[in-house]
Amino acid sequence: MACPVSNLRRAAPVCTTPLIGRDALIAELEEHLLKQGGLLLLEGEPGSGKTALASALAQRWGPGLRLQGREETQATPFLPVSEALRGVLPQLADLPPAWRREVARLLPELESGDEHGSAALSEQGEGRARFLEGLSVALRHALGGGLLWLDDLHWFDPSSLEVLGLALRPENWRAIATARPLERRQNAPLEQLLSALERRQAVSFRELPPLSETDLLRLIRVLSSSVSGGYASPGGCTRPRTATRSSCWRP
């Protein structure tokens, strides 16, 4: 199976296992997002199909924005936010100048050629608060009313979670996230954010059920038939033998 390029704006393609036996669940989750909005958190162990479901929902929803967490960079401040915003840089040129200057503190290329330049990042006080607000404004601007996809939310760093907390304050937004239960509980800033959203009744949790034996056999047949000319990764992503590890995302 080749890596599909979805209509979500992001830096890298998503490669997922085929969706087998999940049609009813996708329809149920889509209806939930339409009726209730807020954040829908899909939880499950590696290989449970979290990313595949989120990708299918994002494809149905239309243009949106995807932020990706990674284990190896979970200590890097703002990385999921900066990667997502860098992928939609032309859209950010429409931001009001005051907010654009704040975002340029993280993405200097946004203000290239600007005579005022960009200020250094501040870690304290009002300067930091305005900087975080600027990033949250940029996320909402880039999202444009679409679906926000937070993939591997359990690996998000505290600074990115601060920005999300601000970005998810207004009403009438919809987001889908994927997370592993154990790693999610070990991320204290994430637990604080989810608790705040729970108090506002703005988050729902869904633990993914395992595939039935029949559907599991169907999945094995699909993956077996897709490996001609390549090899299947543990996540079900088929790559040519010359592909690099970074060619595809795994669930």
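The values are calculated or read from the model by the stated rules, or taken from the named source; none is laboratory data. A quick note: this is a predicted structure, and the numbers were derived from the prediction, not measured. Glycine also receives a Cβ, built like all others from the backbone with ideal geometry; neighbour counts cover every protein chain displayed. To get the accessible areas, we keep the full protein, side chains included, count just its heavy atoms, and leave off ligands, DNA and RNA. Shrake-Rupley method; radii C 1.70, N 1.55, O 1.52, S 1.80 Å.
Filter the stretch 109-141 for residues that are part of a helix (DSSP H, G or I) and surrounded by fewer than 12 Cβ atoms within 10 Å (Cβ to Cβ); which is modelled with the highest pLDDT? Give the steps one after another, and end with the answer.
Restricting attention to the stretch 109-141, the residues satisfying the condition of being part of a helix (DSSP H, G or I) are 109-111, 125-141.
Filter again for surrounded by fewer than 12 Cβ atoms within 10 Å (Cβ to Cβ), leaving 109, 125-126.
Values: Glu109: 93, Gly125: 63, Glu126: 76.
Ranking the candidates gives Glu109 first.
Just name the residue that is modelled with the lowest pLDDT out of those in the stretch 31-74 that are farther than 14 Å from Glu183 by Cα, of a type in the set (S, T, N, Q) and over 12 Å from the mean Cα position of the chain (by Cα). Talk me through it step by step, then tell me what you get.
Start the filter on the stretch 31-74 by keeping residues that are farther than 14 Å from Glu183 by Cα, which leaves 31-40, 47-68, 73.
Add one more test, that the residue is of a type in the set (S, T, N, Q), and what stays is 36, 48, 51, 55, 59, 68, 73.
Filter again for over 12 Å from the mean Cα position of the chain (by Cα), leaving 36, 48, 59, 73.
Numbers: Gln36: 88, Ser48: 79, Gln59: 84, Thr73: 89.
Restricting to residues being farther than 14 Å from Glu183 by Cα, of a type in the set (S, T, N, Q) and over 12 Å from the mean Cα position of the chain (by Cα), the top hit is Ser48.
From the set of residues in the stretch 10-30 that are open to solvent by 60 Å² or more (accessible area, probe 1.4 Å) and under 26 Å from Arg169 (Cα atoms), which is modelled with the highest pLDDT?
Looking at residues that are open to solvent by 60 Å² or more (accessible area, probe 1.4 Å) and under 26 Å from Arg169 (Cα atoms), I get Glu28.
For the stretch 166-180, which positions are in contact with a helix residue (DSSP H, G or I) (Cβ under 9 Å, 6 or more places away or on another chain) and open to solvent by 20 Å² or more (accessible area, probe 1.4 Å)?
Here is the first cut: in the stretch 166-180, the ones in contact with a helix residue (DSSP H, G or I) (Cβ under 9 Å, 6 or more places away or on another chain) are 166-170, 173-180.
Across the stretch 166-180, the qualifying residues are Leu166, Arg169, Pro170, Trp173, Arg174, Arg180.
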